[in-house]
Amino acid sequence: MSAVSADGSTESPFPRVVGFLGVGTINAAVITGLCSGPSSPERLVLSPRGAARVAALKASFPGRVEVAASNQEVLDKSEWVVVAVLPSQAPDVLGDLVFRPSHFVVSLMAGVSNRDLGKLMAPVPSANIVRAVPLPPVKDREGVTLVHPRHPRVMAMFDLLGIAVGVDEEGKMAKMQTVTAMMGAYYAMLRTFHEWLVGGGVGPADAST
């Protein structure tokens, strides 16, 4: 069931096919990091919404990325499913889908507890549902990703995209996730400093150093 690494070995944390429900900024970053790294699933099946982004990923990784006709087709073709729909849309999107008990789900949705996920994804067992909080730098395999509960294969997957940090308690996960939300403000501050330096005569390259 393991995917093949770039060196030809079959040791990999993933199954052969991984599906992605919701292809926004974060899932696109995860997909890019996986496809451009040393080890990845043989095939990634993407949900059809977000047509421009999905088309760009398919063009960037031909033969690896497949676009499904529907969300249900993503589930039907996948062993693992990475879910990154908007939390407010989760009941409507997931409630209409038929999951298998054998599915393994990695949820990237903020604010949706493992308990609520279990209700939305029945009959997937709770042991097969893991939450993760990757940040955009996983695109370049330089991101830090929170993972709850600790799961060896999920931890290994996100270690390939940077560093995986296992979190044992859901309450701690919520607090740590709050801190990751400061990322946008941090980058906005850096951009402001950069613009101020360039406006003061510092070259763009030096201002970025």
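Within the stretch 28-44, being assigned to a helix (DSSP H, G or I) and either surrounded by 20 or more Cβ atoms within 10 Å (Cβ to Cβ) or in contact with a helix residue (DSSP H, G or I) (Cβ under 6 Å, 6 or more places away or on another chain) (or both) holds for 28, 29, 30, 31, 32, 33, 34.
Taken together, the residues in the stretch 131-143 that are over 14 Å from residue 174 (Cα atoms) and either touching a Ser or Thr at 6+ places or on another chain (Cβ under 8 Å) or without any contact (Cβ under 8 Å) to a residue 12 or more places away in the chain (or both) amount to 5. Every condition in (1) within 20 Å of residue 155 (Cα to Cα); (2) in a loop (DSSP other than H, G, I, E, B) is met by residue 63 except one, and the failing one is (1). Consider the stretch 78-109 and keep the residues that are loosely packed, with under 13 Cβ neighbours inside 10 Å and hydrophobic (A, V, I, L, M, F, W, C). The one that is nearest to residue 134 (Cα to Cα) is 86. At least 2 residues being at pLDDT below 80 and in contact with a strand residue (DSSP E or B) (Cβ under 8 Å, 6 or more places away or on another chain) is the threshold, and among the helices (runs of 4 or more DSSP H) wholly inside the stretch 169-209 those reaching it are 170-180. Filtering the stretch 95-112 to residues that are at pLDDT 95 or above and farther than 24 Å from residue 176 by Cβ leaves 97, 98, 99, 100, 101, 102, 103.
Could you please give the count of residues in the stretch 76-92 that are part of a loop (DSSP other than H, G, I, E, B) and touching a strand residue (DSSP E or B) at 6+ places or on another chain (Cβ under 8 Å)?
Number satisfying all stated conditions: 4.
When the stretch 143-168 is filtered for residues that are under 19 Å from residue 109 (Cβ atoms), in a loop (DSSP other than H, G, I, E, B) and within 13 Å of the chain's Cα centre (by Cα), only 161 remains.
The values are calculated or read from the model by the stated rules, or taken from the named source; none is laboratory data. A quick note: this is a predicted structure, and the numbers were derived from the prediction, not measured. Methodologically, a virtual Cβ is constructed for each residue, glycine included, from the backbone with ideal geometry; neighbour enumeration extends over all protein chains shown.
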